Amino acid sequence: MDDVRRGRVEVISGPMFAGKTEELLRRVRRARIAGRRVEVVHHALDDRRGEGLVSSHSGLDIPSRAATSAAEILELVDPAVELVAVDEAQFFGPALLDVVQHAADAGLVMIVAGLDVTFDGRPFEPIPALGALAERADRLTAVCTVCGEDAPFHERVVASADGDSLTPGVEHVGGVESYQARCRVHFEAARWRAAGAGGPTVTTR
Ligand SMILES: [Zn+2]
């Protein structure tokens, strides 16, 4: 097959709760059905997972190897491997960009899934830059926990002193923080409220 050794980059990005890992694992399964040799890699600091596994929220697990740096990703890869899937790739930091590009130049299919936005709504490198240099980039959305619309953001929420309610964005010493998916309307509103400001005035016509 002409395309077996043709390298490429695919990026799966989005906020938390967007199903990025599920999509990564879907592509891994498809590649295996097609007879490709696949290696799945995660960062050693990403300790939310079970030992040596990539687990999606839907509970589908696939064996994975831990790398301590971007450079180490390729050291883990056997020469026979054709496709490398990197989960939670934001853990690898800026060095990931060159590693992925070089690997694809050398003929590997690199599928990279990771967060591309911070909880306060800023681009989270290196994933956005990686998407700009990819053959394919898919940005997934989550579901807004307030209204059910597409959620391109996730927001940090902290438990209030009474532990009953969750307040967006603000630091709260001793509070339990977690994250929720938010649509543009509910993300913006909460952000400007937390800042104690009315936000920018946007005139539309
Ligand atoms: Zn909403």
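List of remarks:
- Any chance Arg205 is at pLDDT below 95 and closer than 30 Å to Val109 by Cβ: no
- Looking across the range 106-157 at every residue that is within 16 Å of the ligand (Cβ to nearest atom) and on the phi > 0 side of the Ramachandran plot, the one that is surrounded by the fewest Cβ atoms within 10 Å (Cβ to Cβ) is identified as Gly148.
- Boolean, Phe153 is farther than 21 Å from Ser69 by Cα, touching a residue at least 60 places away in the same chain (Cβ under 8 Å) and in contact with a Pro (Cβ under 8 Å, 6 or more places away or on another chain): yes
- Cβ-Cβ contacts under 7 Å between residues 6 or more apart (or on different chains), taken from a first residue in the range 120-149 that is assigned by TED's automatic domain parsing to the domain that holds Met16 to a second residue that is surrounded by fewer than 18 Cβ atoms within 10 Å (Cβ to Cβ) and of a type in the set (Val, Ile, Thr), are listed as Phe124/Thr118.
- Conditions (1) touching an Asp or Glu at 6+ places or on another chain (Cβ under 9 Å); (2) within 20 Å of Val28 (Cα to Cα); (3) in a loop (DSSP other than H, G, I, E, B): number failed by Val84: (3)
- Count of the range 63-111 residues which are more than 16 Å from Arg37 (Cα to Cα), under 17 Å from the mean Cα position of the chain (by Cα) and not polar (S, T, N, Q): 14
The values are calculated or read from the model by the stated rules, or taken from the named source; none is laboratory data. Values in this document were obtained by computation on a predicted structure and should not be read as measured data. We place every Cβ from the backbone using ideal geometry, glycine too, and count neighbours over all the protein chains shown.
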